[in-house]
1. How about region 28-82: which of its residues are acidic (Asp, Glu) and surrounded by 11 or more Cβ atoms within 10 Å (Cβ to Cβ)?
2. Filtering region 17-30 down to residues that are in a helix (DSSP H, G or I) and touching a residue at least 12 places away in the same chain (Cβ under 8 Å), which residue is nearest to the chain's Cα centre (by Cα)?
3. Residues of region 35-58 being without any contact (Cβ under 8 Å) to a residue 24 or more places away in the chain and in a loop (DSSP other than H, G, I, E, B), which ones?
4. Any residue in region 1-16 that's assigned to a loop (DSSP other than H, G, I, E, B): show its pairings with residues that are aromatic (Phe, Trp, Tyr) at Cβ separation under 7 Å, as long as the two are six or more apart or on different chains.
5. Of the residues Glu65, Glu77, which single one is outside any loop (DSSP other than H, G, I, E, B) and either in contact with a strand residue (DSSP E or B) (Cβ under 7 Å, 6 or more places away or on another chain) or acidic (Asp, Glu) (or both)?
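Just so it is clear, none of the values below were taken in a lab; they were calculated from the coordinates. Model, not experiment: these values are computed from the prediction. So basically every Cβ, Gly included, is an ideal-geometry build from the backbone, and we count neighbours across all protein chains shown.
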Amino acid sequence: MRLDKYLKVSRIIKRRTVANEACDAGRVFVNGKIARASYDVKIGDVIELQLGVRTVNAKVVSVNEYAKKEDAALMYEIISES
């Protein structure tokens with residue numbers, strides 16, 4: 001699944017266009033490297049998001065094409081947040 005779609009489906013970022021813009025601006029890292037929106041997310045990847053003054057590190061636990069609001073938080077595990 002594409003990175004921008006994963007961020008939207010998992011509800012880490014609310015809209016796919018915002019996720020796409022964050023990737024284009026170089027504010028999303030996967031496994032320590034700048035990631036493009038087209039990056040193919042895999043289980044075990046560590047995603048780092050720099051959103052304003054916040055930095056969120058999350059580990060990918062599952063990759064689902066669709067997720068209900070209750071199940072979206074189960075797709076990732078927060079490692080650190082600052």
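1. Asp40, Asp45, Glu48, Asp71, Glu77
2. Taking the candidates together, the pick is Ala19.
3. Across region 35-58, the qualifying residues are Lys42, Ile43, Gly44, Asp45, Gly52, Val53.
4. Listed pairs, sorted by first residue: Ser10/Tyr76; Ile12/Tyr76.
5. Exactly one of Glu65, Glu77 is outside any loop (DSSP other than H, G, I, E, B) and either in contact with a strand residue (DSSP E or B) (Cβ under 7 Å, 6 or more places away or on another chain) or acidic (Asp, Glu) (or both), namely Glu77.
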